[in-house]
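Below is one structure; the comments refer to it alone.
The values are calculated or read from the model by the stated rules, or taken from the named source; none is laboratory data. Here the structure is a predicted model, which is why all the values come from computation and not from measurement. Cβ placement follows ideal geometry from the backbone for every residue including glycine, while neighbour counts extend to all protein chains displayed.
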Amino acid sequence: MLTRSTDYLEYCRETAKHARDPHDLALRGRHHKETTRVVHQQIAEAVGLGSGDCLVDIGCGDGTLLRIAEAAGLTSAIGLLATNEEVALLRRFGLNARQGLSHQLPLPDASASVVVCNSVLLVVPRERIPASLCEIHRVAKPGARIFLGEIPRAPQHDPTPNFATRRELLSYLYRKHGLRTWFGMVRRMAYRQLTGQPAMLNSGTSISFWAEPEEFIALAQDAGLQLVRHWECWQYPTRNSYLFQKLH
């Protein structure tokens, strides 16, 4: 029997354990490095990232934005990731990464002139969204630009199919993602069987939070953030990105 899990932290932890390329942490698929680069270049342009800035990238993925910041000569650039396993992988590639969750940021007050949180809040439980927005406000300096990206406007269908058996899952992974992904899942299944654990699929594609623009803007304003503008994501037409500012 195949059990399905929506434990996002465990998904991130397992991804990092088996990753050889930091881009695996971007969770966009190995063949979409250019998409990841373009998305983060657009974010850098949206916030006007410049040499005097102190950047905090919450959920920094493979560190693409940190590299853009380094090339731009930023004063500092810190990436936060959900698990220590992800942090260890990025640090091996010389990036300044720390473990932290959106509702408990391991940073001092007013320490960032730019805060980015892209494709993160959608996997945060709804009850933790207000605390996450308050934490973003706390670590932002007065006048800071804050980018909150890829917020679904409506409930999202989980694109990962359900599988009744291990054979169905493995066949799907081989067709969709190739031999390496297939072999990684075989190893994980074998380990779970040896340790007496049930076979499990954790795709990391389940969406926890969505909000219409009016609701999300109101939540952000309650946390002290002032809307600058919002727009539809070009790669995800059902999601919006938002640029806010901390006035005081």
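Observations, loosely collected:
- Filtering the stretch 199-239 to residues that are part of a strand (DSSP E or B), farther than 21 Å from GLU135 by Cβ and modelled with pLDDT of 95 or more leaves ARG229, TRP231, GLU232, ARG239.
- Out of GLY94, GLY61, GLY48, GLY143, sole residue that is under 22 Å from GLU232 (Cα atoms), surrounded by fewer than 17 Cβ atoms within 10 Å (Cβ to Cβ) and not aliphatic (A, V, I, L, M): GLY48
- Among the residues of the stretch 52-64, just one is among the charged types (D, E, K, R) and in a strand (DSSP E or B), namely ASP57.
- Residue count, the stretch 112-145 (criterion: out of contact with any helix residue (DSSP H, G or I) (no Cβ under 8 Å at 6 or more places or on another chain), on the phi < 0 side of the Ramachandran plot and of a type in the set (S, T, N, Q)): 1
- Whichever residue in the stretch 13-51 is over 28 Å from LEU74 (Cα atoms) and assigned to a helix (DSSP H, G or I) and, among such residues, is modelled with the lowest pLDDT: HIS18
- The set of residues in the stretch 97-114 being of a type outside the set (A, V, I, L, M) and surrounded by fewer than 22 Cβ atoms within 10 Å (Cβ to Cβ) consists of ARG98, GLN99, GLY100, SER102, HIS103, GLN104, PRO106, PRO108, ASP109, SER111.
- Scanning the stretch 67-97 for residues that are under 14 Å from the mean Cα position of the chain (by Cα) and either without any contact (Cβ under 8 Å) to a residue 40 or more places away in the chain or closer than 23 Å to PRO130 by Cβ (or both) yields GLY79, LEU80, LEU81, ALA82, VAL87, ALA97.
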